Structures are given as C-alpha cells and as structure tokens.
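Q: Would you mind keeping the following structure in view while I ask a few things?
Just so it is clear, none of the values below were taken in a lab; they were calculated from the coordinates. Everything numeric in this text was worked out from a predicted model, so none of it was measured. Cβ coordinates were reconstructed from backbone atoms using ideal geometry, including for glycine residues, and neighbour counts include every protein chain displayed.
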Amino acid sequence: MTRSPIERHADMCGYYSFFMGSLFFVGLLVAYDDPRLLGSGSLIDVSTSPFVIAANNAGIPAFGSFVNVVILLSVFSIGLSGVYGGSRTLCALAEQGYAPKIFAYIDRAGRPLFATIAIIAFGPLAYVSLASSGATVFDWLLALSGLAGKLSCLQKNMSVVEANTVRNSIVHLGFYLRGSHPIPCRLEIPGSHHG
C-alpha cells in the first residue's frame with residue numbers, strides 16, 4: 001500500500017534532522033581554521049573531510065578508510081539509481097513521442113533495453129577526468145549539475161507555495177505548527193516563500 005505524502009514528508013524531515021544534527025556536532029568538534037581542512041591540494045583527499053578530522057581527533061585512525069568505502073558504495077548506488085531512473089524517463093519520453101521510438105522498446109523481463117544501453121553509454125564520460133583539461137570539464141559538469149539542483153529546489157519551493165495557496169492555509173499551517181513535525185519542517189512554509 002502506498003504511504004501518504006504526509007508520512008513520507010515526516011520521514012524526510014527525520015533524515016534532514018539527522019544530517020543537520022551530525023553536521024552541527026562535527027562543526028563543534030572541528031575548528032574552522034584547522035589546517036587539515038585545506039588538504040594537500042589534490043582533488044581526492046578524504047583526510048580533508050571534517051568527519052575524518054573529528055574521528056582522528058578522537059583517536060580513531062582507520063576512519064578515513066571507512067569513509068572511502070562509504071563514498072565508493074554511495075557513488076555506486078547513485079550510479080545505479082541514475083541508470084534506473086534515466087532509462088525509465090527516456091522510455092517514457094519515447095512513448096510520448098519526445099524521444100526516438102527505439103527507446104520505447106521493453107524486453108520480456110520489463111526492462112527498457114535500448115534506453116538503458118543509451119544511458120550507460122554516457123558512463124565513459126567519467127574518463128574525461130584523466131585528460132589534461134579534465135579539471136575544466138569537471139568544473140563545467142559540476143556547474144551544470146549545481147544549476148539543475150538549484151532549479152529543482154526552486155520548483156519544489158514553488159510547488160509548496162502553490163499547494164498552500166490552493167488549500168485552506170490555516171488548516172495546513174496548523175498541521176505544521178501544532179507539533180506533528182520536527183522543528184526544521186515547521187519552517188517549510190515560510191522558507192518556501194523566501195527560498
């Protein structure tokens with residue numbers, strides 16, 4: 001059974017509170033002017049992570065390797081999620097006529113075969129980082145993804161404002177203010193107006 005949006009929203013507020021709380025406490029444990037935060041200048045230096053610095057200060061020297069494993073698994077998971085979502089999106093676009101019809105093909109197992117192959121074909125772009133101008137290309141891709149994130153956040157804020165305008169705002173606002181959600185989520189409505 002599909003859970004209601006209110007239940008899913010409460011879960012997201014819990015995750016948000018967990019991550020913000022962990023960042024808050026790491027901020028208390030690592031000084032803002034700690035020279036280890038700047039690192040050695042290489043692009044991949046896990047020792048510059050405030051979490052690793054806090055663990056080293058606490059006497060846990062192998063935490064950097066653990067963070068490397070977590071980052072590797074996270075990147076792999078994000079890649080799989082991107083292939084899954086991207087292939088389904090490309091297949092839906094093809095079914096609606098916005099992409100070539102070949103991407104609408106679905107095999108017997110229910111997988112959008114050609115759409116998945118097309119999405120995976122962009123994976124070798126990661127090897128651009130090995131070229132001499134790889135840092136420039138990476139900066140451009142990072143800027144594009146950052147812009148996409150900002151536009152996505154803007155769209156989410158506009159949706160929240162629109163939903164609260166259409167509904168009875170007093171009842172909806174009362175749901176947030178009577179204590180049903182953690183404090184960061186009670187700020188959602190005013191934050192969406194100013195976001």
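Q: Let me know the Kirkwood hydrodynamic radius for region 78-125, please, with Cα pairs as the basis and the value in Å to one decimal.
A: Values: mean 1/r = 0.0948 Å⁻¹.
Averaging 1/r across every pair of different Cα atoms and inverting gives 10.5 Å.
Q: Something else: Dipole magnitude of region 45-171 about its Cα centre, charges +1 at Lys/Arg Cβ and -1 at Asp/Glu Cβ only, in debye to the nearest 20?
A: With Lys and Arg at +1 and Asp and Glu at -1, about 360 debye.
Q: Around residue 99, which amide H atoms from residues at least 5 apart in sequence, or from another chain, sit under 5 Å from its own amide H, with H modelled in the peptide plane?
A: 94
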